[in-house]
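**Q** So that we are looking at the same thing, I have put the structure below in structure tokens.
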Amino acid sequence: MTTTIRIGATPDAFTGKGLYFNGESGIPQRATLAIDEAESALVIKVDEAERARWALSAIRKLKDTSDPDMTVLRLSQGSTARLVLTAEEDKQIAEVRATRLNWSPPVDGKGRLALWGAGAVGAVVAMIFVLIPFLADNLAGLLPASGKRALGETVFEDIRGALDRTGLNPTPICENPEGIAALEAMGTRLFPGEVTEDGLDVYVLDHDMVNAFALPGNIVVFMRGLIEEAESAEEVAAVYAHEVGHVVARDPSRIALRSAGSVGVLGLLLGDFAGGAVVLFLTNRMIQADYSQEAEAAADAFSHEVLLAAGIRPDAMARFFKRLRKEYGDVDGIVQHFLSHPSMADRIAAAQKATPEDGNYKPILTDAEWSNLQSVCES
């Protein structure tokens, strides 16, 4: 037997009024309220008949009601019934006696929700890093030439716009006839036959960035800064052959498809990744041409074979890379296309190893042609 000893005066019994919704009908019922002290419960009566008995510890306040002068009460879980209080005295009594009135409702199945969340994150990661690359690698060989060409031309024009400092005009394409003729002579020397079934287009952009990259649709782009930075035509030829290696391996199409797919998935999840954001991201990726180590090694090996077949020293690229790294360091001062590719030291060593000392080497351009190529952006 338990004996309860009350210290001090016994409080007056609470009585109040409210509108009661039983959870089954939308019609409110005028209710009288009382507190059963023995059971610590709020007793709700309609027409003198008890309709509900709510434990005080289970009563919660409904937030975000439309009327700030109205307090709506509910049970913490398991019931859709509601009790509406409008009298200030009744609301104050509820605040004092229902000590957990403002507690947040418990979340059922936290472990299950955590597992679902982890599974969702894992699915997105697998999609971006496994499924999309797999599909991109396979689609790169299945896309029609016209589709790849359209994609490459679109990205090329976007790059021209993105590189313009004023934002008013696309970066100009260099068209000095003598310089273009020298570039064509270099291409003919490197690739006497057809490089691809769909041909190859090579452009020079009038921009001081030290860079060159390949785009979908058999497009190779040089920046004026790279040609000016090179000390010989052979160094430009080594870069030329390397970028064509990426074209032959369909690397630009793969990176474009991967980037577009990844951004598309993130756009569905996060929003605000559509339209211009996709184009900007893809443009940046194609400028940097951040290929994998395997793709870079394959493009280097391709260029070594092409250079040797053309009677050019493969270590021309090694000399170019070493000088750029010494001059600019591994920072943003030099385009990331060259200095942030993986295993730069290994690539330099591979180019040197691929260069026989007793090879039958000869200049790829005459002095006049090399001078014309360096002036390809002069009007």
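Just so it is clear, none of the values below were taken in a lab; they were calculated from the coordinates. Values in this document were obtained by computation on a predicted structure and should not be read as measured data. Ideal geometry is used to build each Cβ from the backbone, glycine not excepted, and the neighbour counts take in all protein chains shown.
**Q** Taking 0.36 nm per residue of sequence separation and subtracting the Cα-Cα distance, how much length would be gained by fully extending the chain between Asp164 and Thr366, in nm to one decimal?
**A** 69.4 nm
**Q** What's the FRET efficiency of Leu115 with Arg51 using the Cβ-Cβ distance as r and R₀ = 51 Å, to the nearest 0.05?
**A** 0.80
**Q** Could you grab the relative contact order for segment 33-109? Cα pairs under 8 Å, six or more apart, rounded to a whole percent.
**A** The normalised contact order for segment 33-109 reaches 23 percent.
**Q** Sum up the charges of everything whose Cβ sits under 14 Å from the Cβ of Thr99, counting Lys and Arg as +1 and Asp and Glu as -1, but leave Thr99 out.
**A** Value of the local net charge: +3.
**Q** Starting from the Cα of Thr188, step 7 Å along the direction of its Cβ; do the same at Glu153; then give the gap between the two resulting points in nm.
**A** Each label point is offset 7 Å from its Cα along the Cβ direction, giving 2.6 nm.
**Q** If packing is taken as the average number of other Cβ atoms within 10 Å across a peptide's residues, how do 207-214, 251-258, 227-234 rank, most packed first?
**A** 251-258, 207-214, 227-234
**Q** Counting only other residues whose beta carbon sits under 14 Å from that of Glu357, what net charge do I get with K and R as +1, D and E as -1?
**A** Cβ neighbours under 14 Å give a net charge of 0.
**Q** Once the convex hull of the alpha carbons of segment 16-66 is built, what does its volume come to per residue, in cubic angstrom?
**A** 99
**Q** Select from Leu205, Asn218, Pro192 the residue farthest towards the positive end of the dipole of segment 153-255; place +1 on Cβ of Lys and Arg, -1 on Cβ of Asp and Glu, and compute about the Cα centre.
**A** Asn218
**Q** Something else: Which net charge results when you count Lys and Arg as +1 and Asp and Glu as -1 among the other residues whose beta-carbon is under 11 Å from that of Thr80?
**A** +1
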